Ligand code: ADP
Ligand code: ADP
């Protein structure tokens, strides 16, 4: 499902963010990505979503090689990947429902089918009764859950989350992790970057540990 083979990523300017990474994540697996700030966690997630391309080596996602993927094939790849990234902000000029609707508008579903999917996504993160609320009025934990609803409304088979509990206290973090666990239970493949030791202990799963761009055994 996700396979890296001898992957290097060098950013313009010469900084080598990832060095000789080889690993696989099986379909339906939940795994963590750990390591200090700057270790390369975001870069690794961006390669999977074809936001960045590897400098060398193969990144295979659902059989597609990201190194050589044609721009026209990227929207289809992304429809299968839900992204929960810190720079994907909620829009405060519309309510919670319309924030989750956004990815579907791009896909051209009819309104009634879209509305059904939006409500199903809001239901999964426990925000069905908050659909009319502007996200600015939601708590930090609720905002993060809304980001998750937006990421899964397309029913992706892969979910990538970059420090999804970064700014949340333990109670909210556990809520988020329980939501991820429920996706894992229905067969979604999850890769979650974190340096929250509490979460690693409480929700154990395989951890890929990066150190200065290299995978540690
Ligand atoms: P340092 O650079 O300070 O020696 P490390 O890079 O070894 O730190 O570890 C960074 C963080 O990742 C630490 O909080 C550590 O507990 C955690 N960690 C270290 N090794 C692993 C591993 N194999 N799997 C998961 N987490 C790890
Ligand atoms: P992490 O998510 O573990 O904090 P990143 O993947 O964001 O790590 O960054 C890994 C390294 O690559 C860092 O040294 C960072 O400064 C560098 N880096 C990240 N993005 C870019 C970029 N767009 N251009 C140049 N260097 C970058």
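Rule-based calculations on the coordinates, nothing more; no lab input. Quick caveat: nothing in here was measured; it's all calculated off a predicted structure.
Points to keep in mind about this one:
- Cα-based Kirkwood hydrodynamic radius, segment 106-198, one decimal, Å: 14.0 Å
- Secondary structure note: in the chain, about 50% of the DSSP beta bridges are antiparallel.
- In plain terms, the bigger the Kirkwood radius, the slower the diffusion; for segment 48-172, with that radius from Cα pairs, at 37 °C and 0.692 mPa s, Stokes-Einstein puts D at 211 µm²/s.
- For the chain, convex hull of alpha carbons as volume per residue, Å³: 126 Å³
- Radius, Kirkwood style, for segment 178-217 when every pair of distinct Cα atoms is counted (Å): 11.6 Å
- Note on segment 150-217: antiparallel DSSP beta bridges, both residues inside, total approximately 40 percent of the bridges counted.
- Pairwise Cα separations in segment 43-110 fall into 10 Å bins from 0 onward with the following percentages, short to long: 17, 43, 28, 11, 1.
- Gyration tensor over alpha-carbon atoms, segment 109-158, equivalent ellipsoid semi-axes in Å: 19, 13, 8
- C-alpha long axis of helix 140-152 to longest principal axis of the chain, angle in °: 80 degrees
- For the pair segment 115-158 / segment 70-89, the C-alpha centres are spaced 18 Å from each other.
- The value of relative contact order for the chain, using C-alpha pairs under 8 Å at least six residues apart, is 30 percent.
- For segment 9-116: relative contact order, % (alpha-carbon pairs under 8 angstrom, 6 or more apart): 15 percent
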